[in-house]
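The values are calculated or read from the model by the stated rules, or taken from the named source; none is laboratory data. Please read all numbers here as calculations on a predicted model, not as lab measurements. FYI the Cβ positions are ideal-geometry reconstructions off the backbone, even for glycines, and counts take in every protein chain you see.
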Ligand code: ADP
Ligand code: MG
């Protein structure tokens, strides 16, 4: 199902090797967090997985198949961004239905999937509203709903909560974790926030200047950081 393997993946912009070479295994159903300081290459790595950027070298294998050359729509992944990118003139229902409509699904199937997603995300009472009539958290849930209806092999999140205020962020963290428990779909989640990484991840990938410093569970990184960068970034006492 939703396994993702990066083999020797690199990305060069002009003369700048933003990602020199990365090998990584993401297992089906895992909640994997990419964490690291601003500019370390988290978004670039996620965009390479999504197919929004081409790799300079290496291979991306999704669900056992070489996906390196596949366009984004053929990779079976759904991406959720920091900016919700909702259509302001369309209702919540139409926003969530949009990818299914584009895929040419039957109206009955679309209605069912939209209602199922709305139930999971507590949006049932808001389906006829416009995005401007929603709170920030509700808008982000609509964006997640639009990702869910496609029933992806994996969800890719790029700092989805960084536009929300602190209290709401804590709430949404919990909601996304619960969503993961419910759907059991692979989630790859980018953040620069250590607390988010520590509380949400099965597996954390610590990035620094386009390289992996360490991969491990939150407890492993906290108790056995490989180096001072990881110790400093995760905040363990070493
Ligand atoms: P992060 O998401 O961790 O903050 P990014 O992946 O956005 O980091 O960026 C990593 C590095 O790659 C930065 O130095 C950034 O300036 C550079 N970069 C990202 N996208 C491009 C691009 N399209 N062209 C040139 N440089 C880029
Ligand atoms: Mg980024």
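Restrict the check to the stretch 168-186 and report whether at least one residue is under 15 Å from the mean Cα position of the chain (by Cα) and assigned to a strand (DSSP E or B).
yes
Quick check: is even one residue across the stretch 191-203 closer than 26 Å to residue 134 by Cβ, within 16 Å of ligand 2 (Cβ to nearest atom) and part of a strand (DSSP E or B)?
Yes, some residue in the stretch 191-203 is closer than 26 Å to residue 134 by Cβ, within 16 Å of ligand 2 (Cβ to nearest atom) and part of a strand (DSSP E or B).
One line per residue, one yes/no per condition, for (1) part of a loop (DSSP other than H, G, I, E, B); (2) touching a strand residue (DSSP E or B) at 6+ places or on another chain (Cβ under 9 Å); (3) farther than 25 Å from residue 160 by Cα:
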position: 6; (1), (2), (3): no, yes, no
position: 9; (1), (2), (3): no, yes, no
position: 18; (1), (2), (3): no, yes, no
position: 21; (1), (2), (3): no, yes, yes
position: 28; (1), (2), (3): yes, yes, no
position: 32; (1), (2), (3): no, yes, no
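Take residue 60 and decide whether it is more than 16 Å from ligand 2 (Cβ to nearest atom) and either within 14 Å of the chain's Cα centre (by Cα) or modelled with pLDDT under 95 (or both).
Values: more than 16 Å from ligand 2 (Cβ to nearest atom): yes; either within 14 Å of the chain's Cα centre (by Cα) or modelled with pLDDT under 95 (or both): no.
No: the conditions fail for residue 60.
Being over 21 Å from residue 202 (Cβ atoms), out of contact with any strand residue (DSSP E or B) (no Cβ under 8 Å at 6 or more places or on another chain), more than 16 Å from ligand 2 (Cβ to nearest atom) and free of Cβ contacts under 8 Å to residues at least 40 places away in the same chain narrows it down to one of 73, 67, so name that one.
On the way: 67 fails: out of contact with any strand residue (DSSP E or B) (no Cβ under 8 Å at 6 or more places or on another chain).
That would be 73, the only listed residue that is over 21 Å from residue 202 (Cβ atoms), out of contact with any strand residue (DSSP E or B) (no Cβ under 8 Å at 6 or more places or on another chain), more than 16 Å from ligand 2 (Cβ to nearest atom) and free of Cβ contacts under 8 Å to residues at least 40 places away in the same chain.
Which of the numbered conditions does residue 48 fail, given that it passes all the others? Conditions: (1) crowded, with 21+ Cβ neighbours inside 10 Å; (2) in contact (Cβ under 8 Å) with a residue 60 or more places away in the chain; (3) within 16 Å of ligand 2 (Cβ to nearest atom).
(2) is the only condition that residue 48 fails.
Output yes when any residue across the stretch 99-113 is in contact with a strand residue (DSSP E or B) (Cβ under 9 Å, 6 or more places away or on another chain) and modelled with pLDDT under 95, and no when none is.
Kept after step one, since they are in contact with a strand residue (DSSP E or B) (Cβ under 9 Å, 6 or more places away or on another chain), are these residues of the stretch 99-113: 99.
Narrowing the set further to residues that are modelled with pLDDT under 95 leaves 99.
Yes, some residue in the stretch 99-113 is in contact with a strand residue (DSSP E or B) (Cβ under 9 Å, 6 or more places away or on another chain) and modelled with pLDDT under 95.
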